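Only one structure is covered here, and it is reproduced in the block below.
The values are calculated or read from the model by the stated rules, or taken from the named source; none is laboratory data. All figures in this text were calculated on a predicted structure; none of them were measured in a lab. A quick note on method: Cβ atoms are made from the backbone with ideal geometry, for glycine too, and the neighbour counts reach across all protein chains shown.
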Amino acid sequence: MNLSLRTKMILAFSAVVIIAIGGVVLFANLDSERQVTNYMAQGGQFGVAELLADLEVYYQQNGSWDGAEALVEAYSSRGGKNNPRGRASRLTLTDASHLVVWSSADKQVGSVLSKEDISDTLLMKVGDRIAGYLVVENGTQVSVDEITPFVSRLREVLLYAGALAVLLAIGLAIILSNYLLKPVKALTEASTELSSGKFSTRVDVTGNDEIAVLGRTFNKMAGNLELAEERKKSLTADVAHELRTPIAVQKAQLEGMMDGVLPVTEENLAIALQQTDFLSRMVDDLRLLAMADAEEVKFEFVKIDLRQLVGQITAQFQAQLQLDGTQLTAGFIPEEGEIFINTDPNRLTQILQNLVSNAIRYGKKGGQITVTTQAQMDRITITVKDDGSGIPAAALPHIFERFYRHERARSRETGGTGLGLAISKKLAILMGGDLYGENEPDGGAAFTLELPFRKN
């Protein structure tokens with residue numbers, strides 16, 4: 001059965017209320033009848049209890065019923081203490097042999113009660129001896145026939161009250177369901193809009209209950225989707241922009257040589273090949289970045305000596321730097337001893353190569369580049385510093401964005417795809433660390449890689 005949540009809530013609430021009220025009504029009906037039955041079974045004679053006690057005391061004191069007429073007559077004339085019916089009681093007093101001593105019920109004094117009258121008498125005893133009997137008519141003694149209409153009416157009232165309570169409960173269930181499901185309805189409508197591509201959709205959230213938490217989670221999800229959509233559009237535009245120039249250069253070189261405008265020389269072919277290499281690197285970088293975003297990059301953590309790894313990386317750039325006189329040095333804190341860390345050497349090498357390449361690209365020709373490795377209690381930091389002009393203040397918040405280069409033309413000429421820093425930061429985060437850049441007070445830029453100090 002396909003029912004809405006609102007309908008289910010109404011039915012569930014109504015079922016609980018109906019069962020509860022029905023149980024109460026049923027119990028009240030059964031209990032009212034039981035209480036009346038018990039009352040009648042006990043004689044329903046509570047109004048004459050005091051008279052019975054007084055008569056027993058009188059007989060004990062006097063040894064007979066002589067003169068007891070005045071006591072019974074006084075009680076009968078005032079209707080009896082605690083008489084719930086508020087009318088005069090018809091009383092008959094007899095001795096132990098059912099001989100009438102006094103009567104206000106048309107019983108002849110000195111006569112013997114009939115068997116029918118004897119069945120309705122109240123026994124009085126003094127010690128173990130029967131002193132006499134008392135018959136009460138039309139007083140506090142109430143017959144079953146008299147009480148039956150009252151019990152029936154009571155049942156009707158209970159049933160009507162139960163039915164009214166059920167109707168009110170159903171109405172309340174409808175009102176409450178509408179109120180409680182209002183934010184759920186808003187979330188449903190917002191989800192529909194979000195699924196149709198309206199990523200700016202948000203819901204109004206108030207309170208701190210589960211629905212409010214769900215609303216905040218929805219807004220956060222919608223914000224992330226909106227940001228992802230903006231980044232996707234930006235990435236698409238950036239990729240198209242970055243590919244356009246090398247493709248145009250490559251096409252122009254090839255068409256020029258095919259048309260005879262440019263001679264087929266090694267130099268002209270090298271230009272076309274250079275653009276091909278650039279496109280290949282960009283495709284590889286984009287693939288790696290996509291894998292990093294999906295957290296599909298595989299890492300192989302092993303125990304390595306950072307002194308050795310950093311030394312190997314700096315040695316790779318020495319031949320290139322000798323041409324322009326730039327100095328690349330590596331420093332370690334502490335200066336002596338091995339610095340072991342449990343990490344992925346290939347990904348760490350990739351990050352450090354990107355940082356050193358950037359330092360060479362933006363540092364002074366013939367300047368100084370330093371790679372400083374410092375071992376602390378819970379982390380390792382590797383800082384690559386150049387002595388260039390530093391990072392422009394406007395560019396500093398964007399240096400890890402994809403395709404962001406504050407010197408686009410120069411970067412392309414020196415082989416940069418604009419993805420190196422973005423890839424490096426993503427890899428650092430996936431390795432449990434981070435990467436951040438800043439300008440040095442004495443000039444130049446510094447990029448610091450932080451990694452957790454995994455010793456085992």
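Can you tell which of Leu243, Leu273, Leu269 is over 30 Å from Val297 (Cα atoms), outside the structural domain of Ile423 (by TED's automatic domain parsing), in a helix (DSSP H, G or I) and not acidic (Asp, Glu)? Even if it seems obvious, please write down each step before you answer.
Numbers: Leu243 fails: over 30 Å from Val297 (Cα atoms); Leu273 fails: over 30 Å from Val297 (Cα atoms).
It is Leu269.
Gln320: in a helix (DSSP H, G or I) and either of a type in the set (Ser, Thr, Tyr) or assigned by TED's automatic domain parsing to the domain that holds Gln376 (or both), yes or no?
Details: in a helix (DSSP H, G or I): yes; either of a type in the set (Ser, Thr, Tyr) or assigned by TED's automatic domain parsing to the domain that holds Gln376 (or both): yes.
When the stated conditions are applied, Gln320 passes them.
State all residues of the stretch 407-441 that are at pLDDT 90 or above, in a helix (DSSP H, G or I) and among the small types (Gly, Ala, Ser); if no residue qualifies, say none.
Ser424, Ala428, listed by residue number.
If only one of Ile391, Ile333 is exposed (fewer than 15 other Cβ atoms within 10 Å of the Cβ) and out of contact with any helix residue (DSSP H, G or I) (no Cβ under 7 Å at 6 or more places or on another chain), which one is it?
Details: Ile391 fails: exposed (fewer than 15 other Cβ atoms within 10 Å of the Cβ).
Just one listed residue meets the conditions, Ile333.
Within the stretch 182-196, is there a residue that is exposed (fewer than 11 other Cβ atoms within 10 Å of the Cβ), at pLDDT 80 or above and not in a helix (DSSP H, G or I)?
Yes; the residues of the stretch 182-196 include at least one that is exposed (fewer than 11 other Cβ atoms within 10 Å of the Cβ), at pLDDT 80 or above and not in a helix (DSSP H, G or I).
Among Phe340, Phe332, which is the only one that is over 46 Å from the mean Cα position of the chain (by Cα) and modelled with pLDDT of 85 or more?
On the way: Phe340 fails: over 46 Å from the mean Cα position of the chain (by Cα).
Among Phe340, Phe332, only Phe332 is over 46 Å from the mean Cα position of the chain (by Cα) and modelled with pLDDT of 85 or more.
Could you tell me whether Thr314 is over 25 Å from Thr245 (Cβ atoms) and not acidic (Asp, Glu)?
So Thr314 passes the test.
Taking Glu295, is it closer than 30 Å to Val203 by Cβ, charged (D, E, K, R), in contact (Cβ under 8 Å) with a residue 12 or more places away in the chain and not in a helix (DSSP H, G or I)?
On the way: closer than 30 Å to Val203 by Cβ: yes; charged (D, E, K, R): yes; in contact (Cβ under 8 Å) with a residue 12 or more places away in the chain: yes; not in a helix (DSSP H, G or I): yes.
The answer is yes for Glu295.
For Gln322, work out the one condition from (1) more than 23 Å from Lys425 (Cα to Cα); (2) crowded, with 18+ Cβ neighbours inside 10 Å; (3) of a type outside the set (Gly, Ala, Ser) it doesn't fulfil.
Gln322 satisfies all of (1) more than 23 Å from Lys425 (Cα to Cα); (2) crowded, with 18+ Cβ neighbours inside 10 Å; (3) of a type outside the set (Gly, Ala, Ser) except (2).
Among the polar types (S, T, N, Q) and at pLDDT 75 or above: does that describe Ser97?
On the way: among the polar types (S, T, N, Q): yes; at pLDDT 75 or above: yes.
Yes.
With respect to Ala212, determine if the residue is surrounded by 12 or more Cβ atoms within 10 Å (Cβ to Cβ) and hydrophobic (A, V, I, L, M, F, W, C). Step through it out loud before you land on a result.
Working: surrounded by 12 or more Cβ atoms within 10 Å (Cβ to Cβ): yes; hydrophobic (A, V, I, L, M, F, W, C): yes.
Yes: the conditions hold for Ala212.
Within the stretch 175-187, identify whether any single residue is of a type outside the set (S, T, N, Q) and farther than 27 Å from Phe13 by Cβ, and answer yes or no. I'd like the intermediate steps shown before the answer.
Looking only at the stretch 175-187, we keep the residues that are of a type outside the set (S, T, N, Q), and these are 175-176, 179-187.
Checking the rest, the ones that are also farther than 27 Å from Phe13 by Cβ come to none.
No, every residue in the stretch 175-187 fails to be of a type outside the set (S, T, N, Q) and farther than 27 Å from Phe13 by Cβ.
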